[in-house]
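Undergrad: Starting off with a structure, shown below.
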Amino acid sequence: MFLKVQLPWNVIIPAENLDAKGLMLQRAITVRLMENFATRKATKDLGYFLAVTTLESIGEGRVRQHTGDVLFPVVFSCITFKLFRGDILEGVVHKVLKHGVFLRCGPVENIYLSCLKMPDYKYVTGENPVFLNDKLSKIEKDVAIRFIVIGTKWLEVEREFQALVSLEGDYLGPI
């Protein structure tokens, strides 16, 4: 789900970007914060970084010894997205395999729905493989599905989450 968090961060402004006017300095700090934020992707504790909402404070700058760059401690609020066990979410199928399907939900690319967690659905081979049930409900590529999260796993190297989900429950399945 979505979380609103307040974070302390250090922003480094190169010496050539410094200007005597305070407004230009604040703009340079904000731009650099946004650039750093965009490249950070995610953390295990907070999930995926989505958006900076407010810049709470800018601390006093400290000049770095060898480079002349200035380090400003800042505090800002942001929105993050993290999957939790028991969350009911919606995702879109992007890959159909014999043993299950992979879904996307927001910034999360690797959500796996096993055929064992799709009650009453059977795999049907063909040019466009699908999972079908007795009521002719289809799970195929580009179909939106409501699911419940069973578990998540953080991958440190890729800085992303994987999730295992299920359709076992009321009002879960293709939308």
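Undergrad: May I ask you to list the residues in segment 117-175 that are touching a residue at least 60 places away in the same chain (Cβ under 8 Å) and either touching a helix residue (DSSP H, G or I) at 6+ places or on another chain (Cβ under 9 Å) or β-branched (Val, Ile, Thr) (or both)?
TA: Of everything in segment 117-175, those that are touching a residue at least 60 places away in the same chain (Cβ under 8 Å) and either touching a helix residue (DSSP H, G or I) at 6+ places or on another chain (Cβ under 9 Å) or β-branched (Val, Ile, Thr) (or both) turn out to be Ile148, Val149, Ile150, Thr152, Arg159, Val165, Ile175.
Undergrad: Could I ask something else about it? What are the pairs with Cβ atoms under 8 angstrom where one residue, in segment 95-110, is over 15 Å from Thr152 (Cβ atoms) and without any contact (Cβ under 8 Å) to a residue 60 or more places away in the chain and the other, located anywhere, is basic (Lys, Arg) and buried (at least 16 other Cβ atoms within 10 Å of the Cβ)? Sequence gap at least six, or different chains.
TA: Gly100/Lys117
Undergrad: Here is a check on your reading of the model: is Phe49 in contact (Cβ under 8 Å) with a residue 12 or more places away in the chain, touching a Phe, Trp or Tyr at 6+ places or on another chain (Cβ under 9 Å) and within 27 Å of Met1 (Cα to Cα)? Even if it seems obvious, please write down each step before you answer.
TA: On the way: in contact (Cβ under 8 Å) with a residue 12 or more places away in the chain: yes; touching a Phe, Trp or Tyr at 6+ places or on another chain (Cβ under 9 Å): yes; within 27 Å of Met1 (Cα to Cα): yes.
Yes, satisfied.
Undergrad: So, one more: Given the condition out of contact with any Ser or Thr (no Cβ under 6 Å at 6 or more places or on another chain), in contact (Cβ under 8 Å) with a residue 40 or more places away in the chain, part of a helix (DSSP H, G or I) and over 30 Å from Val130 (Cβ atoms), answer yes or no: does some residue in segment 68-78 qualify?
TA: Checked against the condition, which is being out of contact with any Ser or Thr (no Cβ under 6 Å at 6 or more places or on another chain), in contact (Cβ under 8 Å) with a residue 40 or more places away in the chain, part of a helix (DSSP H, G or I) and over 30 Å from Val130 (Cβ atoms), segment 68-78 yields no hits at all.
Undergrad: Scanning segment 128-154 for residues that are over 19 Å from Leu89 (Cβ atoms) and among the aliphatic types (A, V, I, L, M), which turns out least open to solvent (accessible area, probe 1.4 Å)?
TA: It comes out as Val130.
Undergrad: Go through segment 97-107 residue by residue and tally those that are surrounded by fewer than 19 Cβ atoms within 10 Å (Cβ to Cβ) and closer than 19 Å to Phe131 by Cβ. Outline the logic, then answer.
TA: The initial filter retains those residues of segment 97-107 that are surrounded by fewer than 19 Cβ atoms within 10 Å (Cβ to Cβ), namely 97-99, 102, 104, 106-107.
Checking which are closer than 19 Å to Phe131 by Cβ leaves us with 97-99, 102, 104.
Residues meeting the conditions: 5.
Undergrad: Shifting gears a bit: Might you let me know whether segment 112-128 holds any residue that is touching a Cys at 6+ places or on another chain (Cβ under 9 Å) and of a type in the set (S, T, N, Q)?
TA: At the first step, the residues of segment 112-128 found to be touching a Cys at 6+ places or on another chain (Cβ under 9 Å) are 121-123.
Those left that are additionally of a type in the set (S, T, N, Q): none.
No, segment 112-128 contains no residue that is touching a Cys at 6+ places or on another chain (Cβ under 9 Å) and of a type in the set (S, T, N, Q).
Undergrad: Going through Gly68, Gly61, Gly100 one at a time, which residue ends up being small (Gly, Ala, Ser) and modelled with pLDDT of 95 or more? It would help to see each step written out before you state the result.
TA: Details: Gly68 fails: modelled with pLDDT of 95 or more; Gly61 fails: modelled with pLDDT of 95 or more.
On inspection, the qualifying residue turns out to be Gly100.
Undergrad: Do you know which residues across segment 161-175 are open to solvent by 30 Å² or more (accessible area, probe 1.4 Å) and either of a type outside the set (D, E, K, R) or not in a loop (DSSP other than H, G, I, E, B) (or both)?
TA: Scanning segment 161-175 gives Gln162, Leu164, Gly169, Tyr171, Leu172, Pro174, Ile175.
Residue by residue, here is whether (1) open to solvent by less than 50 Å² (accessible area, probe 1.4 Å); (2) over 29 Å from Phe161 (Cβ atoms) holds:
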position: Val5; (1), (2): yes, no
position: Val11; (1), (2): yes, no
position: Arg40; (1), (2): no, no
position: Asp45; (1), (2): no, no
position: Glu60; (1), (2): no, yes
position: His66; (1), (2): no, yes
position: Val70; (1), (2): yes, yes
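The values are calculated or read from the model by the stated rules, or taken from the named source; none is laboratory data. Since the model is a prediction, treat every value here as computed from it, not as a measurement. Positions of Cβ are backbone-derived with ideal geometry, glycine not excepted, and every protein chain shown enters the neighbour counts. Note: areas computed on protein heavy atoms with side chains; ligands, DNA, RNA excluded. Shrake-Rupley method; radii C 1.70, N 1.55, O 1.52, S 1.80 Å.
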